[in-house]
1. Per-residue HN-Hα couplings for segment 44-53, Karplus 6.51 cos²θ - 1.76 cosθ + 1.60 at θ = phi - 60°, whole Hz, x for Gly and Pro?
2. What's the extension gain from Ser7 to Asp73 if we count 0.36 nm per residue and subtract their Cα-Cα distance?
3. Using the heavy atoms of the protein chains alone and a 1.4 angstrom probe, what is the accessible area of segment 1-48 per residue in square angstrom?
4. Given a Förster distance of 22 angstrom, what is the FRET efficiency for His20 paired with Met92, based on the Cβ-Cβ distance and rounded to 0.05?
5. Given a 1.4 angstrom probe, I'd like the percentage of the accessible area of segment 1-61 that is carbon and sulfur, rounded to a whole number.
6. Which trypsin sites (Lys or Arg not before Pro) from segment 49-94 combine a DSSP loop assignment with at most 15 other Cβ atoms within 10 Å?
Amino acid sequence: MTAALASSPTHTAAVARLGHALSDPTRAGVLLALRESPRYPADLAEALGVSRQTMSNHLACLRGCGLVESVPDGRRSSYRLADRHLAPALDMLMRVTLIVEPDCCSGEGCTC
């Protein structure tokens, strides 16, 4: 059994920022898409079916949360996860969410 890390207000704030990021399907999709490699905003927008302006707003939010960072590439910038630990954490989170009842929180009558 692995010992749990002690949490501090800083840890709590970091988890809350991650929760905020994951609370929106587009932001969650961005984080999941960036697990493999950096991507350009236009490619992310197309893959997630949103406008470039919408993608720009979500990337700004994720930057503000400290979860992604911009990487200059000539006149363009790509985005990548800001911390190498985030990709494996998202992989683990996906494993956990797969066991949750898919229809549990599908509306205003959520009882979870």
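1. 5, 4, 5, 4, 9, x, 10, 6, 5, 5
2. Here the answer is 20.0 nm.
3. So segment 1-48 comes to 67 Å² accessible per residue, rounded to a whole number.
4. 0.70
5. So the carbon and sulfur contribution to the accessible surface is 58 percent.
6. Answer by residue number: Arg75, Arg84.
The values are calculated or read from the model by the stated rules, or taken from the named source; none is laboratory data. Quantities reported herein were computed from a predicted structural model and do not represent experimental measurements. Using ideal geometry, Cβ is built from the backbone for each residue, glycine included, and neighbour counts are taken over all protein chains shown. SASA here: full protein model, heavy atoms, side chains in, ligands and nucleic acids out. Shrake-Rupley method; radii C 1.70, N 1.55, O 1.52, S 1.80 Å.
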